[in-house]
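Q: Sharing a structure here in structure tokens format.
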Amino acid sequence: MLSTSTRAPEKRAAQKISKEKYIDTAIITCVVLETIIVTLALIPAQLWTRLLPQSSGAALNGPFPASIAPLITALLYLLPAIIGFLCRNWQKALLFATLPAWIGLGLFLIAATSKVGIFYLVSTDHVTENVSVLELFAALGSMGWLARQIFKLR
């Protein structure tokens with residue numbers, strides 16, 4: 001029969017594994033949600049007005065009602081920081097925080113290339129805009145990871 005002193009480390013290890021699974025699930029959920037929001041945000045306003053002709057705010061807010069549009073904007077900024085906060089090391093924080101931007105921009109560039117040609121990606125103004133989006137998401141993820149380090153020290 002095992003004593004309670006030998007069961008305690010096993011129980012703590014099982015709780016740690018369970019906690020890590022919940023954190024990994026939260027990270028994946030945030031990445032998927034952010035990818036969806038980024039992809040929807042990159043769809044041009046002209047397309048939203050064609051897809052949603054009865055909606056008066058489609059050109060301004062896309063598929064979202066005006067009442068939740070500020071929440072969507074907040075999520076665009078908060079989710080990369082939350083993802084960075086949940087990650088244990090900075091490499092994962094940067095990867096997972098920027099992954100939605102990579103996917104969204106990739107899908108947008110594929111669609112734009114079919115409409116305006118293959119050199120859309122390499123035109124000077126578009127390269128700058130794309131890099132700026134990636135830099136923003138990387139900075140937000142880094143700030144989230146740094147916040148985790150600050151809270152861990154206390």
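The values are calculated or read from the model by the stated rules, or taken from the named source; none is laboratory data. The structure presented is a predicted model; accordingly, all values stated were derived computationally and were not measured. Quick reminder, even Gly has a Cβ in these numbers, built from the backbone with ideal geometry, and neighbours come from all protein chains shown.
Q: When only residues in region 121-149 that are among the hydroxyl-bearing types (Ser, Thr, Tyr) and surrounded by fewer than 17 Cβ atoms within 10 Å (Cβ to Cβ) count, which is nearest to residue 27 (Cα to Cα)? Walk me through how you get there before you give the answer.
A: If we filter region 121-149 for residues that are among the hydroxyl-bearing types (Ser, Thr, Tyr), which is where we start, we get 123-124, 128, 132, 142.
From the residues that got through so far, the ones that are surrounded by fewer than 17 Cβ atoms within 10 Å (Cβ to Cβ) too are 123-124, 128, 132.
Details: 123: 34, 124: 34, 128: 28, 132: 23 Å.
By that ranking, first place goes to 132.
Q: While we're on this one: Answer with yes or no whether residue 29 is part of a helix (DSSP H, G or I), without any contact (Cβ under 8 Å) to a residue 60 or more places away in the chain, loosely packed, with under 14 Cβ neighbours inside 10 Å and within 12 Å of the chain's Cα centre (by Cα).
A: Working: part of a helix (DSSP H, G or I): yes; without any contact (Cβ under 8 Å) to a residue 60 or more places away in the chain: yes; loosely packed, with under 14 Cβ neighbours inside 10 Å: yes; within 12 Å of the chain's Cα centre (by Cα): yes.
When the stated conditions are applied, residue 29 passes them.
Q: Considering only residues of region 44-71 that are assigned to a helix (DSSP H, G or I) and in contact with a helix residue (DSSP H, G or I) (Cβ under 6 Å, 6 or more places away or on another chain), which is nearest to residue 97 (Cα to Cα)?
A: Ranking the qualifying residues of region 44-71, first place goes to 69.
Q: Could you list all residues from region 101-132 that are at pLDDT below 90, among the aliphatic types (A, V, I, L, M), closer than 17 Å to residue 44 by Cα and assigned to a helix (DSSP H, G or I)?
A: If the condition is that a residue be at pLDDT below 90, among the aliphatic types (A, V, I, L, M), closer than 17 Å to residue 44 by Cα and assigned to a helix (DSSP H, G or I), then 105, 107, 109, 110, 111, 112, 116 are the ones that fit.
Q: Going by the conditions given, is residue 101 farther than 17 Å from residue 26 by Cα, surrounded by 15 or more Cβ atoms within 10 Å (Cβ to Cβ) and within 12 Å of the chain's Cα centre (by Cα)? Break it down stepwise before answering.
A: Numbers: farther than 17 Å from residue 26 by Cα: yes; surrounded by 15 or more Cβ atoms within 10 Å (Cβ to Cβ): yes; within 12 Å of the chain's Cα centre (by Cα): yes.
Yes, satisfied.
Q: What are the residues in region 106-147 that are aromatic (Phe, Trp, Tyr) and farther than 28 Å from residue 89 by Cα, if any?
A: First, the residues of region 106-147 that are aromatic (Phe, Trp, Tyr): 108, 119-120, 137, 145.
Result: 108, 119, 120.
Q: Let me ask you something else. Being at pLDDT 75 or above, part of a helix (DSSP H, G or I), out of contact with any helix residue (DSSP H, G or I) (no Cβ under 7 Å at 6 or more places or on another chain) and surrounded by 11 or more Cβ atoms within 10 Å (Cβ to Cβ) is true for just one of 79, 75, 40. Which residue is that?
A: Values: 79 fails: out of contact with any helix residue (DSSP H, G or I) (no Cβ under 7 Å at 6 or more places or on another chain); 75 fails: out of contact with any helix residue (DSSP H, G or I) (no Cβ under 7 Å at 6 or more places or on another chain).
Answer to the selection: 40.
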